[in-house]
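Taking it in order: structure first as structure tokens, then the write-up.
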Amino acid sequence: MERIVTLVNLRYPYGGKQIYLNHSLVSVAARLLLLDPCCRVRFVDLNVEEYQPRLFAGSEKIGISLLGAPYIPAAIDFVRKVQNDFPGKKIAVGGQVIEKISCQAFTEIFKGLETKQIIDDNDFAEWFGINAQDIPSPLEVSCVSAWKQLPLELLREYLQHEMTLDVSRGCAFNCSFCAARKDQRERLISLEILEKDLGFLARTAKFLGLKELKFYASSLDFFQNPTEKIKLLKILAKIRLEIGLDIKVRCLTCMSSFLSAGKVPNFSNLVKGAGIYCVGFGVDGTEEVWIRENKKHNKPGDIQRCIALCHQLGVKGELLMVLGFPDDSLKVLLETMWNCILYGFQPGVELRPYLAKDPVPGNEYWPRWEQIFVQDPQKFRLIDYFALQSRLIDESFWHRWACNLTYLFVVGLLRLVGRCSSIPLLPYRGAVAKIWNRLMPADR
């Protein structure tokens, strides 16, 4: 007997639309279809269509996966809507941000609502009624079966926008403010699976008349294991050549890893053949900040060497600059501002400045903040990295506005000359903030 599972992409939390297929949902769907032949997966994207009860009628299970903490208020609203229309229907809530919130906090955030927190495979198994021992790693399961569940027009919509290229999990480094899966050995995707999935998407895109595909590689440090990543680059090049479609990939990497990979023979041709067009680096302030935030793998001079290597390879260097940490002095802020201008005006470079946020679920500072956000879940929007600092995050008036003005000056100046992709958001309360944030384009 067929059972329907509906997986939902929540609408962009600031009111606009963000066409981006949440890969966590695809991964969940692929594993469900593998383990349960009677399962049919239905995808609902609230960025593409408005909420309507009929979209969820007949669903045995409904699940959502959050892209970040700012989506938590939207998740609460969504669960409330569904349970008003379908009393007693329990909703599974997952995603990396949900994994990092304590069970007690999750219960309080969704107080009065029927929800299931998905933290690991045991929760996944319990929710879907399968054996946890049977659940394979997402890196070992092809997603083709899940993509085939999408209506062709919806798949076309996604293929016309940047998609996730899932290549690995984990990062060996342990930066204090980072909330990702870190301080662990990187686990890589099966190359056979990668070739199958990428080939399916490329052939489908060509069938639909598209000229190119754009991907964001999921790896936190793309070149962390150069020998293995070279194999991945060769698969990308093979698919591009065989199918005759322009595939473009942007990725993140630590500076030291990128410089090490640059020593690989024929590296330039490998990068070009694979369609790598943009490489992002976490620059994050000054050497003083690196030491304080446990980014000791960064070395003075690496930034310029990375920019030079990008220029040599013919790829765009994207510098991610997190600024305005709580311990940043005025001197550090001015040095960071100068560095942003210095790097941002170099040929082939684009800056992505962010404002540091101490309370992010999963980083080492979160435990002392969790209860504050539990008491008012709307405050989760304040920890968007693009949002200006609020009084909650930074109590010091002079420090808060020194950080905000530095951020606005850097973003304004560099956007004026086309060297910055960051979009400043305002703290969520008030009509002006809502209108402003709605007008700002969604981050990619």
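Considering (1) more than 18 Å from Trp366 (Cα to Cα); (2) in contact (Cβ under 8 Å) with a residue 24 or more places away in the chain; (3) within 23 Å of the chain's Cα centre (by Cα), the lone condition that Pro70 does not fulfil carries the number (1).
Here Lys206 clears all of (1) buried (at least 17 other Cβ atoms within 10 Å of the Cβ); (2) in a helix (DSSP H, G or I) except the condition numbered (1).
Of the residues making up the range 411-422, those that are touching a Pro at 6+ places or on another chain (Cβ under 6 Å) and surrounded by fewer than 15 Cβ atoms within 10 Å (Cβ to Cβ) number 0.
Val141 meets the conditions (1) under 30 Å from Leu323 (Cβ atoms); (2) crowded, with 19+ Cβ neighbours inside 10 Å in every case but one. The failed one is (1).
Of all residues in the range 27-59, those being under 21 Å from Glu153 (Cα atoms), charged (D, E, K, R) and in contact (Cβ under 8 Å) with a residue 12 or more places away in the chain number 3.
Scoring Leu342 on the criteria (1) free of Cβ contacts under 8 Å to residues at least 24 places away in the same chain; (2) within 25 Å of the chain's Cα centre (by Cα) leaves a single failure, condition (2). Is it the case that some residue within the range 63-86 is over 25 Å from Asp197 (Cα atoms), surrounded by 15 or more Cβ atoms within 10 Å (Cβ to Cβ), of a type in the set (Ser, Thr, Tyr) and touching a Pro at 6+ places or on another chain (Cβ under 8 Å)? Yes; the residues of the range 63-86 include at least one that is over 25 Å from Asp197 (Cα atoms), surrounded by 15 or more Cβ atoms within 10 Å (Cβ to Cβ), of a type in the set (Ser, Thr, Tyr) and touching a Pro at 6+ places or on another chain (Cβ under 8 Å).
Counting only residues that are surrounded by fewer than 17 Cβ atoms within 10 Å (Cβ to Cβ) and without any contact (Cβ under 8 Å) to a residue 40 or more places away in the chain, how many does the range 249-271 have? Residues flagged as surrounded by fewer than 17 Cβ atoms within 10 Å (Cβ to Cβ) and without any contact (Cβ under 8 Å) to a residue 40 or more places away in the chain within the range 249-271 amount to 6. Checked against (1) surrounded by fewer than 22 Cβ atoms within 10 Å (Cβ to Cβ); (2) over 22 Å from Lys100 (Cβ atoms); (3) touching a strand residue (DSSP E or B) at 6+ places or on another chain (Cβ under 7 Å); (4) free of Cβ contacts under 8 Å to residues at least 40 places away in the same chain, Phe223 meets all criteria but (1).
Taken over the range 5-63, the residue count meeting the criterion of being among the small types (Gly, Ala, Ser) and either modelled with pLDDT under 90 or in a loop (DSSP other than H, G, I, E, B) (or both) is 4.
Assessment of the range 374-386 against the conditions (in contact with a His (Cβ under 9 Å, 6 or more places away or on another chain) and either surrounded by 19 or more Cβ atoms within 10 Å (Cβ to Cβ) or closer than 25 Å to Gly94 by Cα (or both)) yields no matching residue. Of the residues in the range 29-48, not one is acidic (Asp, Glu) and over 19 Å from Lys148 (Cβ atoms).
Is it true that Arg181 is of a type in the set (D, E, K, R), in a loop (DSSP other than H, G, I, E, B) and in contact with a strand residue (DSSP E or B) (Cβ under 8 Å, 6 or more places away or on another chain)?
On the way: of a type in the set (D, E, K, R): yes; in a loop (DSSP other than H, G, I, E, B): yes; in contact with a strand residue (DSSP E or B) (Cβ under 8 Å, 6 or more places away or on another chain): yes.
Criteria met by Arg181.
Taking first residues from the range 428-444 that are not assigned by TED's automatic domain parsing to the domain that holds Ala69 and partners that are surrounded by 11 or more Cβ atoms within 10 Å (Cβ to Cβ) and in a helix (DSSP H, G or I), the Cβ contacts under 6 Å between residues at least 6 apart in sequence or on separate chains come to Tyr428/Arg381.
Scanning the range 20-52 for residues that are of a type in the set (A, V, I, L, M, F, W, C) and either over 25 Å from Ile193 (Cβ atoms) or not assigned by TED's automatic domain parsing to the domain that holds Ile119 (or both) yields Val44, Leu46, Val48. When the residues of the range 161-191 are filtered to those that are at negative phi and among the charged types (D, E, K, R), which remaining residue is surrounded by the most Cβ atoms within 10 Å (Cβ to Cβ)? Only one residue tops the list, namely Asp166. When Ala261 is tested against the conditions (1) within 17 Å of Thr164 (Cα to Cα); (2) in contact with a Pro (Cβ under 6 Å, 6 or more places away or on another chain), the lone failure is (1).
The values are calculated or read from the model by the stated rules, or taken from the named source; none is laboratory data. For clarity, every value in this text was computed on a predicted model and none was experimentally measured. Note that each Cβ is placed from the backbone with ideal geometry, even for glycine, and that neighbours are counted across all protein chains shown.
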